[in-house]
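Student: Can you read through this structure? Questions will come right after.
The values are calculated or read from the model by the stated rules, or taken from the named source; none is laboratory data. The shown structure was predicted, so the numbers you read here are calculated from the model rather than taken from an experiment. Using ideal geometry, Cβ is built from the backbone for each residue, glycine included, and neighbour counts are taken over all protein chains shown.
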């Protein structure tokens, strides 16, 4: 989540005039969702705000820090191996259910196809499936309904040939409401399963 909000912070080596004396630097990168955010870099020479993508700060300790542009070619040369080695960021999906049971809404049946595509394209993943309910019917019953919903989605994943490293299926019942409501309140947004793919 932090990577999405504040961009991707990378450390690397920037070759100075002599190849035998590389210098470290920090550069602010655009995150996969297109956001950049800002970072503050603090060293013995002071503190520097970096708030534009592809700006960097040298960490050589020789001069006052200033944010300077880093050429895309330099970033590619320094960081391509690290970027290629990164795991994909976690992705979360919400699937909603019709009232009182474990039947997906029509929109969520379509969204399930996106979940399947994501997991298949990533290869074996760790997947958490968490069932939720609204506050109708009481806490004990809602715990069971949440579990039934989560197990329904887990079965659909398995039936569609999804390979997972780990599949955790749990229920939060009426705890962790998406929309806060009083007891005994029907709320469609709370009747959901969250699928977290890591």
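Student: Does residue 146 satisfy the criteria of being more than 30 Å from residue 30 (Cα to Cα), touching a helix residue (DSSP H, G or I) at 6+ places or on another chain (Cβ under 9 Å) and either surrounded by fewer than 16 Cβ atoms within 10 Å (Cβ to Cβ) or not assigned by TED's automatic domain parsing to the domain that holds residue 30 (or both)?
Tutor: no
Residues are listed down the side, and each one gets a yes or a no for (1) in the same structural domain as residue 185 (by TED's automatic domain parsing); (2) under 20 Å from the mean Cα position of the chain (by Cα):
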position	(1), (2)
66	no, no
78	no, no
101	yes, no
106	yes, no
111	yes, yes
114	yes, yes
117	yes, yes
164	yes, yes
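Student: Residue by residue through region 80-99, note down the ones that are more than 26 Å from the chain's Cα centre (by Cα) and surrounded by 13 or more Cβ atoms within 10 Å (Cβ to Cβ).
Tutor: 98
Yes or no, residue by residue, for (1) touching a residue at least 40 places away in the same chain (Cβ under 8 Å); (2) within 21 Å of residue 88 (Cα to Cα):
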residue: 141; (1), (2): no, no
residue: 148; (1), (2): yes, no
residue: 152; (1), (2): yes, no
residue: 157; (1), (2): yes, yes
residue: 164; (1), (2): yes, yes
residue: 167; (1), (2): yes, yes
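Student: While we're looking at this one, here's another question. For region 59-74, enumerate the residues that are part of a helix (DSSP H, G or I) and at positive phi.
Tutor: From region 59-74, those part of a helix (DSSP H, G or I) are 72-74; that's our starting set.
Matches in region 59-74: none.
Student: Does residue 123 count as at positive phi and touching a helix residue (DSSP H, G or I) at 6+ places or on another chain (Cβ under 8 Å)? Before the answer, list the steps.
Tutor: Values: at positive phi: yes; touching a helix residue (DSSP H, G or I) at 6+ places or on another chain (Cβ under 8 Å): no.
Here the answer is no, as residue 123 does not meet what is asked.
Student: Which one of 56, 37 is more than 17 Å from residue 23 (Cα to Cα) and either assigned by TED's automatic domain parsing to the domain that holds residue 24 or not in a helix (DSSP H, G or I) (or both)? Steps first, answer last, please.
Tutor: Working: 56 fails: more than 17 Å from residue 23 (Cα to Cα).
After ruling out the rest, the residue left standing is 37.
Student: Continuing with this model, one more query. Can you find a residue that is modelled with pLDDT under 85, under 29 Å from residue 122 (Cβ atoms) and touching a strand residue (DSSP E or B) at 6+ places or on another chain (Cβ under 9 Å) anywhere in region 48-67?
Tutor: Pass one, region 48-67, residues modelled with pLDDT under 85: 58-66.
Those still in the list that are under 29 Å from residue 122 (Cβ atoms) too: none.
No, region 48-67 contains no residue that is modelled with pLDDT under 85, under 29 Å from residue 122 (Cβ atoms) and touching a strand residue (DSSP E or B) at 6+ places or on another chain (Cβ under 9 Å).
Student: Looking only at region 52-94, count every residue that is in contact with a helix residue (DSSP H, G or I) (Cβ under 6 Å, 6 or more places away or on another chain) and without any contact (Cβ under 8 Å) to a residue 60 or more places away in the chain and tell me the total.
Tutor: Count: 1.
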